[in-house]
Amino acid sequence: MSVQDFVNAIVEFVKANDDWAMPIAFVVAFLESFCFLSIIWPGTAILIGISALLAKSGVGLDVLWPAIVAASIGGTLGYAVSYWIGLYYKDDIHKLWPFNRKPELVERGEAFFAKWGALGVFFGHFFGPVRAVIPVVAGMYSMPQWQFQLVNVLSAAIWAAGIIAPTYFGLSYFLE
């Protein structure tokens, strides 16, 4: 099964069961933001596909906004767990998969975090190449929990809305 087949299967499931949009958006966003799986998980493509289906099916904002909130919470939690993993493992993170196979991931994340700090955590939600490692590095560097979570919640909300809403509203406009 290819990645495209996998994305299509999830999108088709939501097409047949739009009441599952919210829990699926949560899980997809969590996996997209979780340090070990975000490298291989096509979460953004799935969320865009779900958003397009919601627009095409004509569901209202009463389905869209809960899906955005669920994706935001999923993204926040995925990042938070990744932060706690970095906080716990510190320098031993290099021994865990996938970082033991691709040490350049941590090196790039460290450079990005050293340059941007809390803004790096914010921007990390939006850039796939560093999304997998930024929260881990923030934990490794013992970024204050309150600062991390504040930036995490804010950026996850903007990220989720920025992935889901434009597709939904754009297609809704063109489908009228």
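The values are calculated or read from the model by the stated rules, or taken from the named source; none is laboratory data. For clarity, every value in this text was computed on a predicted model and none was experimentally measured. For neighbour counting, all protein chains shown are included, and Cβ atoms are generated from backbone atoms with ideal geometry for every residue, glycine included. Accessible surface is based on the protein model in full, side chains and every heavy atom, while ligands, DNA and RNA are left aside. Shrake-Rupley method; radii C 1.70, N 1.55, O 1.52, S 1.80 Å.
Would you be able to say whether some residue in region 162-169 is among the polar types (S, T, N, Q) and within 20 Å of ALA55 (Cα to Cα)?
yes
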* Among the numbered criteria (1) closer than 30 Å to MET143 by Cα; (2) open to solvent by 20 Å² or more (accessible area, probe 1.4 Å); (3) of a type in the set (D, E, K, R); (4) in a helix (DSSP H, G or I), which single criterion is violated by ASP62? -> (1)
* Check off (1) open to solvent by less than 70 Å² (accessible area, probe 1.4 Å); (2) farther than 20 Å from LEU171 by Cβ; (3) not β-branched (Val, Ile, Thr) for ALA25 and give me the number that stays unchecked. => (2)
* Within region 119-145, count every residue that is closer than 23 Å to GLY43 by Cβ, touching a residue at least 24 places away in the same chain (Cβ under 8 Å) and open to solvent by less than 60 Å² (accessible area, probe 1.4 Å). => 14
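Looking at TRP97, TRP84, TRP159, can you tell me which residue is open to solvent by 60 Å² or more (accessible area, probe 1.4 Å) and either in contact (Cβ under 8 Å) with a residue 60 or more places away in the chain or of a type in the set (Ser, Thr, Tyr) (or both)?
TRP97
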* Asked: Any idea which of (1) touching a residue at least 40 places away in the same chain (Cβ under 8 Å); (2) closer than 17 Å to ALA156 by Cβ; (3) in a helix (DSSP H, G or I) is the one CYS35 doesn't satisfy?
  -> (3)
